[in-house]
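One structure below.
The values are calculated or read from the model by the stated rules, or taken from the named source; none is laboratory data. For clarity, every value in this text was computed on a predicted model and none was experimentally measured. Cβ placement follows ideal geometry from the backbone for every residue including glycine, while neighbour counts extend to all protein chains displayed. Surface accessibility is based on the protein's heavy atoms, side chains included, excluding ligands, DNA and RNA. Shrake-Rupley method; radii C 1.70, N 1.55, O 1.52, S 1.80 Å.
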Amino acid sequence: MELAISLLAKRLENQPMYVHFPQLELSAKELLESTSYQALCQIREILLDDTLSDPECFQKIERIVRVFEAFGSDCGHRHDF
């Protein structure tokens with residue numbers, strides 16, 4: 001649930017805030033599913049990139065981490081270097 005909250009917060013951070021979100025055209029559920037789908041598509045593209053060899057696996061993981069960060073989700077204490 002923490003991931004869902006951080007993704008939703010990232011998507012809403014630039015929306016005008018009142019009691020409701022007047023310019024938001026999607027429900028919270030639709031918004032989260034949309035964000036999740038976008039992230040999964042980007043992760044899939046990275047994993048399908050055959051230009052990186054097995055010794056370069058770290059680079060693939062790093063690119064996946066950056067996708068999560070771009071959607072407002074940190075990768076925890078294991079990625080604090």
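Observations on the structure shown:
- Total residues in region 23-55, condition open to solvent by less than 90 Å² (accessible area, probe 1.4 Å) and farther than 23 Å from ALA4 by Cβ: 3
- Subset of region 61-81 [at pLDDT 70 or above and assigned to a helix (DSSP H, G or I)]: ILE61, GLU62, ARG63, ILE64, VAL65, ARG66, VAL67, PHE68, GLU69, ALA70
- Some residue of region 9-26 being under 18 Å from the mean Cα position of the chain (by Cα), assigned to a loop (DSSP other than H, G, I, E, B) and at pLDDT below 80: yes
- Condition check for PHE58: assigned to a helix (DSSP H, G or I), modelled with pLDDT of 75 or more and surrounded by fewer than 13 Cβ atoms within 10 Å (Cβ to Cβ): yes
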